[in-house]
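First the structure, in the form of C-alpha cells, and then the observations on it.
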Amino acid sequence: MRNVMRRTLGAMAAGAILAAAGPVLAQGKVLKFVQNGNLTILDPIWTTAYVTRNHGYFIYDTLFASDENNVVKPQMVDKYEVSADKLTWTFTLRDGLEWHDGKPVTSEDCIVSLQRWGKRDAMGIKLMDFVKEFKAVDGKTFQMVLKEPYGLVLDSLGKPSSNVPFMMPKAVAETDAFKQIDSQIGSGPFIYQKNESKPGEKHVYLKNPKYKPRSEPASGLAGGKVVKVDRAEIIEMPDSQQQVNALIAGEIDIIEQPPHDLIPILKKEKSVTLFNWNPLGHQFIIRFNWLQPPFNNAKVRQAALYSMRQEDYLKATVGEPEYYKVCTAAFICGTPNAFDAPGGLLVKPDFEKSKALLKEAGYDGTPVVLMQSTTLPVLTNVAPVTKALLEQGGFKVDMQAMDWQTLVQRRTNKGPVGQGGWNVFHTFSVAADILNPISDSYMVAAGDKSWFGWPTDPVIEKLRDDYAKETDPAKGKALAKAVQDRALETAQYGWIGQWYGPGAMRSNVSGWLKAPVPVMWNVEKK
C-alpha cells in the first residue's frame, strides 16, 4: 500500500506541473485504471495480448467499430459505398482526423495499416485472401477492390478485439508485421506520454485536445469517444489484494477484472460499484504446439482432450457458479453458432481412452512443458488443473511458472523445449472474439499464418473459406458446426469453459461502457 501511496503522490505532483503548463489539465481529473496484467508490449498488431489491445484503444482509432449490440458502425469513416457487383468498396474519411504529431490522417495511412494488420489477424488474413488491390483515390478516399464478393468486410474492419485493425501513420505501419513498432503516435482520444510512463509501475495518457469525436452517443466501441478526464493512468499492480485495498482506499478508480474470490469484499463496500462491462463473458482455452513432440501427433492431442473436464477449471478459477457456465460449444453458448461437442468430450474425461491413445501414438513419457501464468489471477489456477488431468490421462507434465508477459514472449518460440520452446499453455478470449470460424483465431490452421501453436489442416481451412463465402444463414450455421467438428477431430485446441466477471470502480466514477474491451472514454470522475 505504501508503494501505491508513493505512486499516487508522484502522479499528483506530475499533474500539478502539467496543469501549470497549460489548459489540458485545467480540471485536474486523473483516472487511475488497473488492468488484468502488466503492459510491456505496446504494439497491438504484433501481439493479441489484451493489455496491449487496451493500450491500443487509448491512442489509436478504427475505421469502423461495433456498438453495444455488436452492430458495426462507421468510426473514422464518414461514408462508404459498395459497387453493384459487390467488388469495390469505397471509403471516405471524416474531416478533421489528425495524428498526435499534427499531421492529417490520409488514405495511404489507412491502406498500409490494413495491410499490416492483414498479415497477423485471423479475420484480416482471410479478408486479404479476397482483396485484389487497394487504391488511394485522394487524401481522404480510398478503395478496396475484391477478387470476388465477401460477406464479412464490415465485420472484419469493425472487429472489436485482438487483433484490432487500428490505424497508424504510414511510416509506422510500414514496419514488418512480425517486428514491433517503435512509435506510439496515433489519432485516438488519448496521447501516450512515454517520458512519464514506467513499465512495471504505470503508463500515462493525456486527453487529446484536438480529437474530434463523432456526434452520435457512445455505444460499445462505436459513437462519440468523448474523454471526460484530463489524464488516465494504467497503474501496474499485480497483487490482487493490493488492488482491492487501493480501490477501497480511493487510491485507484477502476479494476478491470478483480479475482472472483475477492468480489464478496467489494460487494460490501458502499464506496465501490461492480459493473458487468462485458456481458458476453469469456472462454478459457488450452493451446497445443503442433510443431514439437508430442503434440505434433494428433493422437496425443486427442488424448489431452479426452482428459479435459471443464468444471474442474471453472471451480478452481472462478468458484461461484453464478459466474461460470459449462459449455462445449466452441463459438459460445447462447449465440447463433453454438453446438455441443459429441459424447461428453471436454466435460466427462475418459482417462483410459487417453492412455490408449498415448500408447497408440508411441508417447515415450517425456514430460510436456506446460507454461503457467502466475500474474493474471484468473489464469493462475488453470495450469495446475491441466497438470492434474493430463497426469490422470497418462501424461508426464513439467509445469513451468512465469509471469504473463514472459509467457507472451515465449509462446512465439517455435523451437524445441530445450531451446526455450513449449508444448502447451492456457489463455482466454472475450466471447466477442470467437463467435464464428473466421473471427476465432484459434481455428486458423494455415501453418505459419496460424496463431501460436501453428496448426496446419487444409480441411478446416477449406471449411472456413466456405463459411466466409456463404450468404445463406442456415448453411453458414452448418458450416460453423463442421468447423467445430473438424477442430475436435484433429484436436486443434480445446475450449474449457465460459466465465463471467464484473469490473469494479469507485462510486464517484460513472460512464463505463458495456463492450468487449474496457475503454476509458465516456468515463466520468466526480
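Taken together, the values in this text are just the output of simple stated rules run on the coordinates, not laboratory data. Remember, predicted model here, so these are calculated numbers, not experimental data. Please note: Cβ atoms are built from the backbone with ideal geometry, for glycine as well, and neighbour counts cover all protein chains shown.
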Calculating Cα extents along the principal axes in Å from this structure picks out, from (1) 84, 69, 40; (2) 71, 62, 41; (3) 72, 54, 46, entry (2)
Taking the chain and a Cβ-Cβ threshold of 4.7 Å, the cysteines left without a partner are Cys110
Here the FRET efficiency for Gln392 versus Glu68, based on Cβ atoms and R0 = 56 Å and rounded to 0.05, is 0.85
If each K or R counts +1 and each D or E counts -1, the residues other than Arg214 whose Cβ falls under 11 Å of its Cβ total +1
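Compute the length gained on full extension between Lys268 and Glu216: take 0.36 nm times their separation in residues and subtract their Cα-Cα distance, giving the result in nm to one decimal. Intermediate results must be reported in sequence, preceding the final value.
On the way: separation 52, 0.36 × 52 = 18.72 nm, distance 3.63 nm.
Result: 15.1 nm gained on full extension.
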A chain fully extended from Asp403 to Val326 at 0.36 nm per residue, minus the present Cα-Cα distance, gains in nm 25.0 nm
The size of the Cβ-based charge dipole (Lys, Arg +1; Asp, Glu -1) of the chain about the Cα centre, to the nearest 20 debye, is 680
Neighbour-count ranking for Val71, Val444, Val509 (other C-beta within 10 angstrom, fewest to most) reads Val71, Val509, Val444
In nm, the gap between the two label points placed 7 Å beyond Cα toward Cβ at Asp129 and Asp340 is 3.1
Between Lys86 and Ala356, the two model label points (7 Å from Cα along the beta-carbon direction) sit apart by a distance in nm of 4.6
Looks like segment 282-499, by Cα gyration tensor root eigenvalues a ≥ b ≥ c and the a/c under 1.5 rounded cutoff (else prolate when a/b is bigger than b/c, oblate otherwise), is rounded
Label model pair Lys119, Lys198: point-to-point distance (7 angstrom along the Cα→beta-carbon line) in nm is 3.6
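Of Ser240, Ser162, how do they rank once you tally other Cβ atoms within 10 Å and put the fewest first? Spell out each step's value before the answer.
On the way: Ser240 21, Ser162 24.
Listing Ser240, Ser162 from fewest to most nearby Cβ atoms yields Ser240, Ser162.
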Taking a straight Cα-to-Cα line shorter than 18 Å from Lys132, and setting aside same-chain lysines fewer than 8 residues away, one finds Lys86, Lys119, Lys147, Lys469
Excluding residues fewer than 8 positions from Lys268 in its own chain, the lysines with Cα under 22 Å of it are Lys32, Lys525, Lys526
FRET efficiency (Asp364, Asn276; Cβ distance; R0 41 Å; to 0.05) is 0.30
Partner aspartates and glutamates whose C-alpha sits under 14 Å from that of Lys179, ignoring same-chain residues fewer than 8 away, are Asp43
If the label point sits 7 Å along Cα→Cβ of Lys449, residues of segment 102-123 with amide N under 13 Å come out as 118-123
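Find how much the distance from Lys526 to Glu470 grows on full extension, using 0.36 nm per residue of separation minus their present alpha carbon separation; answer in nm with one decimal. Display every interim value, and only then the final one.
On the way: separation 56, 0.36 × 56 = 20.16 nm, distance 4.96 nm.
Result for the pair: 15.2 nm of gain on full extension.
Report relative contact order for segment 64-173 in percent, whole number only (criteria: Cα-Cα under 8 Å, sequence separation at least 6). Let's see the in-between values first.
Working: 182 pairs, mean separation 34.0, N = 110.
After rounding, I find 31 percent.
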By Cβ neighbour count within 10 Å, fewest first, Ile234, Ile265, Ile111 rank Ile265, Ile111, Ile234
Here the percent of antiparallel bridges among DSSP beta bridges lying wholly in the chain, to the nearest 5, is 80
Of segment 131-167, those with amide N under 17 Å from the point 7 Å along the Cα→Cβ vector of Asp95 are 139-141
